[in-house]
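Please read the structure below before turning to the comments.
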Amino acid sequence: MSKRLIKAAVGLLAAVSVTGIVIAQEMGEVTVQASRIVKKTIGTTSSGIPIQDISLSYGVSTAGLDLTSSAGAAALQKRVGDAAKAACKELGRQYPDSTTSDADCIKAATDKAMVKVNALIAAAKQGK
């Protein structure tokens, strides 16, 4: 098996889809998912479907944060931004021939994550 196919398989195992999404879990964790489009087909599934999109997910915990305060909300937003940056940088390192830039990847992953983050913050303030 080629080295690229193995990397693709590992990346795909960490992903649940090919676009950046955020999932709030019961435990107060947000998942930031970054994705990139690879120029070349890097392999195929067992049924022959080409693998071209790569994604990576990083979990962000809300543990220790008071989301009802502006400091707690800002800390969660920073954690999400940092996770998006780390995921996109890792994808860029592993797949330098991808067509998505680090900046575009970070923005897309962060923007999608912030929708859920803002919902968590609003919910925390309503429960106050």
Taking the simple approach of a point 7 Å from Cα along Cα-to-Cβ for both residue 47 and residue 75, what is their distance in nm? 4.6
Below 19 Å, Cα to Cα, which aspartates and glutamates can residue 125 reach? Residues fewer than 8 away in the same chain don't count. 26, 29, 66
Points 7 angstrom from Cα along the Cβ direction at residue 125 and residue 111: gap in nanometres? 2.3
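Based only on other Cβ atoms within 10 Å, what is the fewest-to-most ordering of 79, 36, 93?
On the way: 79 20, 36 26, 93 9.
Ranking 79, 36, 93 by Cβ neighbours within 10 Å, fewest first, gives 93, 79, 36.
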Aspartates and glutamates near residue 89 by alpha-carbon distance under 20 Å, same-chain residues fewer than 8 away left out - which ones? 53, 97, 102, 104, 111
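We did not get these values from a lab; they are worked out from the coordinates using the rules stated. Note that the structure is predicted; figures quoted are calculated from it, not measured. We place every Cβ from the backbone using ideal geometry, glycine too, and count neighbours over all the protein chains shown.
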